[in-house]
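Okay, so here's the structure we're looking at.
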Amino acid sequence: MLAEATSADYVRDPTGWGSAEVAALFPGFKHLDMRTNGAVIRLRYGGSGPPLLLLHGNSQNHATWYGVAARLAQHPELDVVAGTTKPLWPKKPGFVARMRAVHELIPMTAVTRETIIFPTAIVAVRRKLFDRLGGFGFPDFDGAGEDTEFATRLSLAGAAGAYDPSWFTCHEVNEGFLALCDRYRRYGLANGRLIGLTTSPVAHDYMRTHWRAGWRTIWRWEYTGRRAAAHAAYRNRFAAIASATLATLVRLSYWRGVKEAFRPAA
């Protein structure tokens, strides 16, 4: 160890060590400079038990982990901590971006009695448990649904988990409308395929029967749910109708994927 920050260092050198306000997000943690083979790494260290390394992503910093780090330090029995996502607004958000935010058309965490269904980008899992269960991926995996399936495997394995809504990452919402529809078709296809596995969440069981519904029925389901959110978000009646309509079309793309997964191969 080369150095350990003190309260005086945050006043003397805030550019180098950061601020006391950020340090307060990590109660009981030490702020250290550690020499490694060829580099000096600055880190925060706290808690007890087997070591768990939390690495932040590109363009972020260690403060990203303040919620989960503090929770794990206080509750070493936890195996999984999941956060959630919020919209990452572009500088000039268009109508589609606003529509996605209003109707929460981004991967978000869902908490059920059985499972914490998390997005891949915002979860911390103990490494030994992750390796023992084989990590992400399942038969016929096609680039979607890996987080939902792994969340169920963790639950079936008896993993102790917690959901922390204060820990979040931002998801881009500037994708074009057609690309968004294609994304949701892939989500539906993946979740439909999961139904055939023992690692599909119970919350998705409704698809076993609902996939047979006609398109008019599905439209009514989805549009009714979107209409209230749209009218609450837009003062202009026509903008609200357009928003609810576009959101419903995205959800119809999801159901198209579900139907593809259940439809018998020709």
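Note on the range 161-185: residues that are surrounded by fewer than 17 Cβ atoms within 10 Å (Cβ to Cβ) and either among the β-branched types (Val, Ile, Thr) or over 16 Å from the mean Cα position of the chain (by Cα) (or both) amount to 7. For the criterion of being hydroxyl-bearing (Ser, Thr, Tyr), in contact with a helix residue (DSSP H, G or I) (Cβ under 8 Å, 6 or more places away or on another chain) and more than 28 Å from residue 143 (Cα to Cα), residue 234 passes. Of the residues making up the range 191-220, those that are out of contact with any Phe, Trp or Tyr (no Cβ under 9 Å at 6 or more places or on another chain), loosely packed, with under 14 Cβ neighbours inside 10 Å and among the aromatic types (Phe, Trp, Tyr) number 1. Residues that are touching a helix residue (DSSP H, G or I) at 6+ places or on another chain (Cβ under 6 Å) and within 26 Å of residue 49 (Cα to Cα) within the range 117-156 comprise 118, 120, 124, 133, 136, 153, listed in sequence order. Per the conditions (1) touching a Gly at 6+ places or on another chain (Cβ under 8 Å); (2) outside any strand (DSSP E or B), the sole criterion not satisfied by residue 130 is (1).
Only helices (runs of 4 or more DSSP H) whose full extent lies in the range 168-241 are considered here, and the ones with at least 1 residues that are free of Cβ contacts under 8 Å to residues at least 24 places away in the same chain and within 29 Å of residue 64 (Cβ to Cβ) are 177-194. Is it the case that residue 188 is within 20 Å of residue 103 (Cβ to Cβ), touching an Asp or Glu at 6+ places or on another chain (Cβ under 9 Å) and either among the polar types (S, T, N, Q) or crowded, with 16+ Cβ neighbours inside 10 Å (or both)? In short, yes.
Filtering the range 68-86 to residues that are surrounded by 18 or more Cβ atoms within 10 Å (Cβ to Cβ) and closer than 24 Å to residue 101 by Cβ leaves 82, 83, 84, 85. Within the range 102-127, the set of residues being surrounded by 17 or more Cβ atoms within 10 Å (Cβ to Cβ), among the hydrophobic types (A, V, I, L, M, F, W, C) and assigned to a loop (DSSP other than H, G, I, E, B) comprises 105, 106, 118. The residues on offer are 49, 94, 57, and the sole one that is over 18 Å from the mean Cα position of the chain (by Cα), surrounded by fewer than 17 Cβ atoms within 10 Å (Cβ to Cβ) and at pLDDT below 80 is 49. Is the range 145-165 home to any residue that is in the same structural domain as residue 91 (by TED's automatic domain parsing), part of a loop (DSSP other than H, G, I, E, B) and at positive phi? Yes: one or more hits.
The values are calculated or read from the model by the stated rules, or taken from the named source; none is laboratory data. What you see is a predicted model, and the numbers here were worked out from it, not measured in a lab. As a convention, Cβ positions derive from the backbone with ideal geometry for all residues, glycine included, and neighbour counts pool all protein chains shown.
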